[in-house]
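Taking it in order: structure first as structure tokens, then the write-up.
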Amino acid sequence: DDFMAVLDKIYAPGGAWTDTISFTKDSAVIATSPDKPPYVLRFAADAASARVPQVSWRSRRALPAFEPGKPLAGLKIAIDPGHLGGNWARMEERWFQIGNTTPVTEGDMTLKVAKLLVPRLTALGAEVFLTRSKPGPVTSARPSQFRSAAVESLQQKNDPVTKESVSKESERLFYRASEIRRRGRLVNESIKPDLVLCLHFNAEDWGNEREPRLVNDNHLHFLVTGAWTKDELSYEDQRLDMLIKLLNRTYSEELPLANTLSGVMAKATGLPPYVYRGGSVIRVSDNPYVWGRNLLANRLFHCPVVYFEPYVMNSRSAFARIQAGDYDGLKTFGGSERKSIYREYADAVTAGLVKYYSQR
């Protein structure tokens with residue numbers, strides 16, 4: 001019942017699992033590949049006889065006691081500054097510029113927040129690691145290595161195979177697949193943290209990249225891993241990723257942590273919650289700021305993951321603050337005194353973590 005509840009509510013809602021997972025009285029029968037027998041996951045008769053999977057991460061309750069002033073003592077955190085930035089920002093379509101203003105590059109912005117977080121969290125007792133410490137990729141692969149795979153990918157999608165389309169698809173496979181998988185291996189095999197913080201900034205459609213537009217909307221939301229579709233679960237690697245997350249019980253840590261972080265960050269930023277209008281996402285609780293979504297950048301990490309999406313980079317209010325850069329103290333925007341957008345972000349993340357982990 002426990003397995004089924006989490007599967008149906010969080011990981012594969014709406015019966016998305018029914019083509020690949022079936023149940024007997026005491027087991028789940030899971031499809032592997034077409035030429036191999038299914039995997040049989042046997043359920044224990046009772047809690048006393050259950051064999052608990054060994055995981056590398058620790059929940060809040062499993063962390064050691066901490067001294068006053070060190071509420072994050074014993075906590076091992078990996079920070080994943082989203083995207084690449086630098087000279088790669090245009091390729092990954094995380095770059096825009098309006099007139100002669102400073103270009104907005106998400107990968108550089110997330111790295112700036114990450115570097116502000118390191119001394120803050122370290123001072124509170126945490127052991128902190130970055131998946132990248134400079135602009136650019138972690139993977140040693142490059143787009144040119146994915147040309148054959150790009151052709152195959154385009155053919156599978158029935159898209160035209162042209163020189164331009166192959167080049168774009170090669171780039172996409174490089175920064176959306178190879179790079180993210182390399183970070184996943186780094187986290188799972190080397191860092192082995194208790195928690196991953198995936199830092200991002202959001203954006204609304206800015207239209208023509210040569211004449212990007214600003215919008216009025218500015219909002220905030222968080223993602224936890226979930227909401228696989230039937231089509232996604234038809235791939236055996238995605239089924240395995242889902243089962244690892246489910247059996248690791250990361251959801252039981254991700255949701256309360258995301259709820260705490262969202263409350264602190266919403267108060268600090270004053271931003272309303274973003275509301276998805278369609279797409280493969282689900283509400284995971286009555287918290288309007290937290291959603292479940294299946295992304296390569298959160299499902300690959302075997303420990304709890306909180307995925308941040310604050311600020312709309314091309315909103316008028318956020319854009320003005322981005323142009324102001326990082327600074328000490330306060331500056332006035334729209335009649336209100338505000339910290340730099342980067343320090344506001346880092347301070348809110350820090351305060352949220354302190355609030356959550358102080359309750360162990």
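The values are calculated or read from the model by the stated rules, or taken from the named source; none is laboratory data. Not measured: the values here are computed from a predicted model. Every residue, glycine as well, gets a Cβ built from its backbone with ideal geometry; the counts of neighbours run over all protein chains shown. Surface areas here come from the heavy atoms of the whole protein model, side chains and all, with no ligands, DNA or RNA. Shrake-Rupley method; radii C 1.70, N 1.55, O 1.52, S 1.80 Å.
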Review point. Within segment 1-72, which strands (runs of 3 or more DSSP E) (wholly inside it) include 2 or more residues that are surrounded by 17 or more Cβ atoms within 10 Å (Cβ to Cβ)?
Key: 27-30
**Study point:** Filter pass, Gly86 being open to solvent by 20 Å² or more (accessible area, probe 1.4 Å), within 30 Å of Glu309 (Cβ to Cβ), touching a strand residue (DSSP E or B) at 6+ places or on another chain (Cβ under 8 Å) and among the small types (Gly, Ala, Ser)
**Key:** yes
**Study point:** Segments classed as strands (runs of 3 or more DSSP E), wholly inside segment 269-357, with at least 1 members that are under 29 Å from Ile10 (Cα atoms), open to solvent by less than 20 Å² (accessible area, probe 1.4 Å) and among the hydrophobic types (A, V, I, L, M, F, W, C)
**Key:** 290-293, 305-310
Practice item. Scan segment 96-125 and report the pairs whose first residue is under 11 Å from Arg343 (Cα atoms) and whose second residue is open to solvent by 30 Å² or more (accessible area, probe 1.4 Å), with Cβ atoms within less than 7 Å and a gap of 6+ or a chain change. Key: Lys112/Asp326; Ala114/Leu130; Leu116/Arg343
Exercise for review: Looking only at segment 237-250, decide whether some residue is part of a helix (DSSP H, G or I) and over 25 Å from Ala78 (Cα atoms).
Suggested key: no
Practice item. Run Pro135 past the list (1) over 20 Å from Leu295 (Cβ atoms); (2) open to solvent by 80 Å² or more (accessible area, probe 1.4 Å); (3) not aliphatic (A, V, I, L, M) and report the number of the one that doesn't hold. Key: (2)
**Study point:** Flag if Thr260 is part of a strand (DSSP E or B) and surrounded by fewer than 22 Cβ atoms within 10 Å (Cβ to Cβ)
**Key:** no
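Return yes or no: is Thr110 part of a helix (DSSP H, G or I), hydroxyl-bearing (Ser, Thr, Tyr) and open to solvent by 10 Å² or more (accessible area, probe 1.4 Å)?
Taking the combined requirement at face value, the residue does not satisfy it.
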Point to revise | Residue within segment 229-248 that is crowded, with 17+ Cβ neighbours inside 10 Å, hydroxyl-bearing (Ser, Thr, Tyr) and within 30 Å of Arg58 (Cα to Cα) present | key: no
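Look at segment 217-228 and say how many of its residues are under 18 Å from the mean Cα position of the chain (by Cα) and open to solvent by 10 Å² or more (accessible area, probe 1.4 Å).
1
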Review point. For the subset of segment 120-147 comprising residues that are of a type in the set (Gly, Ala, Ser) and out of contact with any helix residue (DSSP H, G or I) (no Cβ under 9 Å at 6 or more places or on another chain), which member is farthest from Asn188 (Cα to Cα)?
Key: Ala123
Point to revise | Count of residues meeting criterion [among the hydrophobic types (A, V, I, L, M, F, W, C) and either without any contact (Cβ under 8 Å) to a residue 60 or more places away in the chain or assigned to a loop (DSSP other than H, G, I, E, B) (or both)] in segment 73-89 | key: 4
Practice item. Test Val264 against the criterion of being touching a residue at least 24 places away in the same chain (Cβ under 8 Å) and in contact with a Phe, Trp or Tyr (Cβ under 8 Å, 6 or more places away or on another chain), and give yes or no. Key: no
Point to revise | Hey, Glu209 without any contact (Cβ under 8 Å) to a residue 24 or more places away in the chain and open to solvent by 80 Å² or more (accessible area, probe 1.4 Å) or not | key: no
Check your understanding: Pairs under 6 Å by beta carbon, first residue more than 26 Å from Val104 (Cα to Cα) in segment 135-160, partner polar (S, T, N, Q) and open to solvent by 40 Å² or more (accessible area, probe 1.4 Å), six or more apart or different chains?
Key -> none
Check your understanding: Is it fair to say Arg249 is out of contact with any helix residue (DSSP H, G or I) (no Cβ under 9 Å at 6 or more places or on another chain) and either under 21 Å from Ala348 (Cβ atoms) or charged (D, E, K, R) (or both)?
Key -> no
